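Written out below as structure tokens is the structure these notes cover.
The values are calculated or read from the model by the stated rules, or taken from the named source; none is laboratory data. All values derive from a computational prediction rather than experimental measurement. We place every Cβ from the backbone using ideal geometry, glycine too, and count neighbours over all the protein chains shown. What goes into the accessible areas is simple: the full protein's heavy atoms, side chains included, and nothing from ligands, DNA or RNA. Shrake-Rupley method; radii C 1.70, N 1.55, O 1.52, S 1.80 Å.
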Amino acid sequence: MGLTFIKSATASGSPAVISFVDGTSDVVFDNTYNEYQFHFVNIHAGTDSDAFGFQVNSTNDAGGGYDTSPITSTFFKAEHNEAGAGGALTYTTSGDQAQGTAYQRLTYDMEIATDEAFSGVLTLYDPSSTTYVKHFTATGNYVHHSGKYSQNIFVAGYINDYQYAIDEINFKMESGNIDAGTIYMYGVS
């Protein structure tokens, strides 16, 4: 497996969203690669107890509001707090969707202390297919707002835009801005 760097976007203060759109700003998000990865490095929330997530647009909804692509997903996490107590593996129903069109959560209740952020990887498989649903997997780690828990997240599912290619992806916090951090986009060959 080889990664080909496509584009990076860095937040520094107040962007509400970070987008990667095929054909704009040197972004390639088409059938050039069968798999795309987005690497998140130190994504810091501007609002305490916020969640970070993504949504897509298909070629049928290009330039739209990132609100029509149905997602079915699972969200679970392994956690342990700084005090050495409370380790658990938990399925989080509020992080999953059943044909929902909301932004898919990649974190849950992030802490905003200056030394705390989210880092991880989202993989989107064959987004240009016009035959199949688009599968995705994500894993990462962040500090949970309550109790200073290190939470390792595991998110997976599919985007049910099987008849249309996906060529736009948008990342944002559920409320507030992305205070800091960088997202790197790669094609996988």
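For this structure, a couple of remarks:
- Residues of the stretch 149-189 that turn out to be crowded, with 16+ Cβ neighbours inside 10 Å, closer than 22 Å to K7 by Cβ and among the small types (G, A, S), as a count: 4
- V56 being in a strand (DSSP E or B), among the aliphatic types (A, V, I, L, M) and touching a Leu at 6+ places or on another chain (Cβ under 9 Å): yes
- Some residue of the stretch 64-71 being modelled with pLDDT of 95 or more and farther than 24 Å from A180 by Cα: yes
- Annotation: S14 fulfils all but one of (1) more than 17 Å from E174 (Cβ to Cβ); (2) touching a residue at least 40 places away in the same chain (Cβ under 8 Å); (3) open to solvent by 40 Å² or more (accessible area, probe 1.4 Å); (4) not acidic (D, E); the unmet one is (1).
- Note on the stretch 97-118: residues that are touching a residue at least 60 places away in the same chain (Cβ under 8 Å), open to solvent by 40 Å² or more (accessible area, probe 1.4 Å) and assigned to a strand (DSSP E or B) total 2.
- P127, sole failed condition from (1) without any contact (Cβ under 8 Å) to a residue 60 or more places away in the chain; (2) crowded, with 22+ Cβ neighbours inside 10 Å; (3) not β-branched (V, I, T): (1)
- First in the stretch 24-43 and over 19 Å from N57 (Cβ atoms) and open to solvent by 40 Å² or more (accessible area, probe 1.4 Å), second anywhere and basic (K, R) and not in a loop (DSSP other than H, G, I, E, B), Cβ under 9 Å, 6 or more apart: none
- Checked against the criterion of being modelled with pLDDT under 90, among the aliphatic types (A, V, I, L, M) and either in a strand (DSSP E or B) or within 14 Å of the chain's Cα centre (by Cα) (or both), the candidates V121, V143 yield just one match: V143.
- Residues within the stretch 146-183 that are part of a strand (DSSP E or B) and not β-branched (V, I, T), tallied: 17
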